[in-house]
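The values are calculated or read from the model by the stated rules, or taken from the named source; none is laboratory data. Fair warning: this is a prediction, and the values are worked out from it, not measured in the lab. All Cβ positions, glycine included, derive from the backbone under ideal geometry; neighbour counts span all protein chains shown. Areas reflect the complete protein model, heavy atoms only, side chains present, ligands, DNA and RNA absent. Shrake-Rupley method; radii C 1.70, N 1.55, O 1.52, S 1.80 Å.
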Amino acid sequence: MNRLCDSMEPRVMDDDMLKLAVGEQGPQEEAGQLAKQEGILFKDVLSLQLDFRNILRIDNLWQFENLRKLQLDNNIIEKIEGLENLTHLVWLDLSFNNIETIEGLDTLVNLEDLSLFNNRISKIDSLDALVKLQVLSLGNNQIDNMMNIVYLRRFKCLRTLSLSGNPISEAEDYKMFICAYLPDLVYLDFRRIDDHTKELAEAKHQYSIDELKHQENLMQVRLQDERARQEELEKHKTAFVEHLNGSFLFDSMYAEDSEGNKLSYLPGVSELLEAYKDKFVIICVNIFEYGLKQQEKRKVELDTFSECVHEAIQENQEQGKRKIAQFEEKHLSSLSAIREESELPNIEKMILECSADVSELFNELMMLEMQLVEQLEETINMFERNIVDMVGLFIENVQSLMAQCRDLENHHHEKLLEISISTLEKIVKGDLDEDLPDDLRALFVDKDTIVNAVGASHDIHLLKIDNREDELVTRINSWCTRLVDKIHKDEIMRNRKRVKEINQYIDHMQSELDNLEYSDILD
């Protein structure tokens, strides 16, 4: 493999190297001189060439956030790293390096062309995020397993592949295998694949391909199901009622309750537990369904508010545009009149009138903005009251339903305690007919032991209920606070931006007047 001379010292990608490279590859002549004087911002660089520099490690590229093309070939790089921020990268050349593993590319979702030619790679993987990949060069590496080709089937845009110089390229079935398993490929090892070759390859591997497609379809169905479940879960989380549409909370109460699980084998407890679970789950489902309905109401409230804000801003902007259009029509006419006027006193008077018009426009635009601020403030305050009331009502009703869960738990606890004490009395008298598991019988040494066991189970259950309620209340209160804060901050930013726009426009208009040269006018 091609490597740089050992006598050269490995180099670090520091700011000096990057500034030098950007300067060398930036605009030349007059534009280049100006760029060098003012400095080129790394974030504005679209293409960067860093080949033949004996670079050992990729580093300090985080500022090149808009980079489209990166050339790092012919260095001594051992690991793919430091590319996380280059999310706009389309073309990446890492050929002729010392890379052994494909990694560090998870954020490069826009990459279309990747060259890892002439490295030490033995396995094709970790490219899943590169959904737009069209060209992949992996020639002159150490790939020796044909199953690596099957991995590449997931890249639906892949049209060009280079694998020559790898051990697999020596296989007798190399070309046919690739053409069969990658039917959309157009170029293999820099040669176009003809239709006849594709037909022969498909016929030769038809059975294997059909079986693979079947497995891929099954996997796709599973992935779609999982994606649907995740989307549904996210919807439930947005309503703060995830996992309340079944027995999850009830089951979690017993998941860490060793004493409760032992006591479930007491005579009569199984039926008691089943009735308890049925009633408990009904309440959880009620919370779940109520939560989804309330989430929909909150969404409608937010959508209505956003629409009102948008309409108010839109209407205000239209009024501003009309005033500016009227002003500019009059202003242009006034400027023409000034240029045609030959008497200096008249010119001065007309300029003063234009200046007064500019000031009047400023006042009108600022008045419009103040009216909008007041209108939006009222709308925001009303929305805040509504959403806070909705959240408060939701919390109040959920807490009421959670109290019913606690009542059920208290009732179950009392019944379980009665059965346990009764069982203890039967054991003491020798009247117990049923056989008890050894770990359960060990609890019935005396009254304190069994009472403590039942109490410990009860405490665990109440804690689970309390924690779920606290989690729900905390999360929805946090959501409400963040939402309202963001709305207020967004309005402040909108107002500042609008005031700045008005001032810039007025300053421009006034500057235009101030720069009028009488001599130019009189000429």
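Details
- Efficiency of FRET from Cβ geometry, Lys429 and Lys69, R₀ 60 Å, rounded to 0.05: 0.10
- For the chain, hydrophobic long helices are taken as DSSP H runs at least 18 Å long by C-alpha position along their axis with mean Kyte-Doolittle hydropathy of -0.5 or more; these are 344-429.
- Estimated dipole of the chain in Debye, rounded to 20 [Cβ of Lys and Arg +1, of Asp and Glu -1, Cα centre]: 1160
- Distance cut-off 36 Å, percentage of C-alpha pairs in the chain lying past it: 67
- Computed over protein heavy atoms with a 1.4 Å probe, the carbon and sulfur contribution to the accessible area of the chain reaches 50%.
- Residue-count net charge about Ser169 - beta-carbon cut-off 13 Å; Lys, Arg +1, Asp, Glu -1: -3
- Amide hydrogen neighbours beyond the local backbone of Arg11, cut-off 5 Å, H modeled: Ile55, Leu56
- Globularity index of the stretch 247-517, i.e. its alpha-carbon radius of gyration over 2.2 N^0.38 Å: 1.97
- Averaged per residue, the chain has 57 square angstrom of accessible surface, using a 1.4 angstrom probe with ligands and nucleic acids left out.
- Translational diffusion of the stretch 11-142 was estimated from the Stokes-Einstein equation, with Rh taken as the Kirkwood radius over Cα pairs; at 4 °C and 1.567 mPa s the coefficient is 85 µm²/s.
- Using the alpha-carbon positions of the stretch 274-420, Rg (one decimal) and Dmax (whole number) come out as 32.3, 112 Å.
- Entries in Lys237/Lys297; Lys415/Lys464; Lys132/Lys235; Lys277/Lys464; Lys69/Lys198; Lys43/Lys486 that, when Cα-Cα distance is taken, lie over 25 Å: Lys132/Lys235; Lys69/Lys198; Lys43/Lys486
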